[in-house]
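Heads up, the thing below is written out as structure tokens.
The values are calculated or read from the model by the stated rules, or taken from the named source; none is laboratory data. Quick caveat, the model's predicted, so the values are computed rather than measured. Quick reminder, even Gly has a Cβ in these numbers, built from the backbone with ideal geometry, and neighbours come from all protein chains shown.
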Amino acid sequence: MALRNTRNAAGLVRSLGDLALLDEPSFQLRPIRLDLAEVLDDIGLRFAGRARQQAVNLRCELQPAVAEVDVELFERAVANLLDNALKYSPPHGMVTLSLQANAGAAVVSVSDQGPGIAVEDLPHLFDRLYRGHDNVAPAGSDEGKGLGLAIVKRIVELHGGTVAVHSAPGQGTRVALSLPVSREMCIRDRCST
């Protein structure tokens with residue numbers, strides 16, 4: 001139990017450190033121009049084994065969309081969302097990773113058929129260290145510390161994008177990241193071209 005608690009505390013400190021780094025005014029993205037569908041396909045493949053072990057169907061619906069992203073941060077944001085979706089998905093449920101190219105934006109979304117999120121929790125989902133009233137993660141687990149979605153939001157903001165959550169109790173959850181496909185990027189909280 002002491003070892004598990006030590007691991008949990010170390011994970012929390014790492015996540016807090018990552019957020020502090022992302023908040024630094026001197027933090028710089030390392031964007032490269034690429035097809036997001038290729039990156040998302042790789043991420044989907046990485047999570048496919050875990051999905052099979054949990055008897056969850058992981059589906060990828062990816063359209064080509066070229067954007068400039070910091071690949072490491074982008075992968076972390078999407079991995080956080082897939083991790084959450086699989087964590088809350090029931091056996092034989094469906095998790096969908098999708099990418100659509102809209103006018104001036106690439107929309108990456110992760111949808112699940114889990115228990116959904118209580119209405120009173122929705123406005124606070126991206127608050128640091130916030131855990132919903134119905135959080136079902138075991139008390140001693142490494143998960144559910146209330147930092148994953150805060151990190152996702154900060155990463156998306158650094159890319160000049162937005163994040164939105166659509167959920168209702170008993171109806172699953174969909175988290176959508178909207179990223180600009182133009183050359184405009186937000187670096188150090190200032191937009192430039």
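In the set ARG76, ARG59, ARG52, which member is more than 24 Å from ILE117 (Cβ to Cβ) and basic (Lys, Arg)? Lay out the reasoning, then the answer.
Values: ARG76 fails: more than 24 Å from ILE117 (Cβ to Cβ); ARG59 fails: more than 24 Å from ILE117 (Cβ to Cβ).
Only one candidate passes the filter, namely ARG52.
Which one is modelled with the lowest pLDDT, of the residues in the range 119-129 that are surrounded by 15 or more Cβ atoms within 10 Å (Cβ to Cβ) and within 13 Å of VAL152 (Cβ to Cβ)?
ARG128
Provide a single number: the residues in the range 65-118 that are free of Cβ contacts under 8 Å to residues at least 60 places away in the same chain, more than 19 Å from ALA37 (Cα to Cα) and buried (at least 21 other Cβ atoms within 10 Å of the Cβ).
3
With the checklist (1) surrounded by fewer than 18 Cβ atoms within 10 Å (Cβ to Cβ); (2) of a type in the set (A, V, I, L, M, F, W, C); (3) not in a helix (DSSP H, G or I) in hand, flag the one item ALA48 doesn't pass.
(3)
Among the residues in the range 144-152, are any at pLDDT 95 or above, closer than 23 Å to LEU36 by Cα, surrounded by 12 or more Cβ atoms within 10 Å (Cβ to Cβ) and not polar (S, T, N, Q)? It would help to see each step written out before you state the result.
Taking the range 144-152 first, the residues at pLDDT 95 or above are none.
No, the range 144-152 contains no residue that is at pLDDT 95 or above, closer than 23 Å to LEU36 by Cα, surrounded by 12 or more Cβ atoms within 10 Å (Cβ to Cβ) and not polar (S, T, N, Q).
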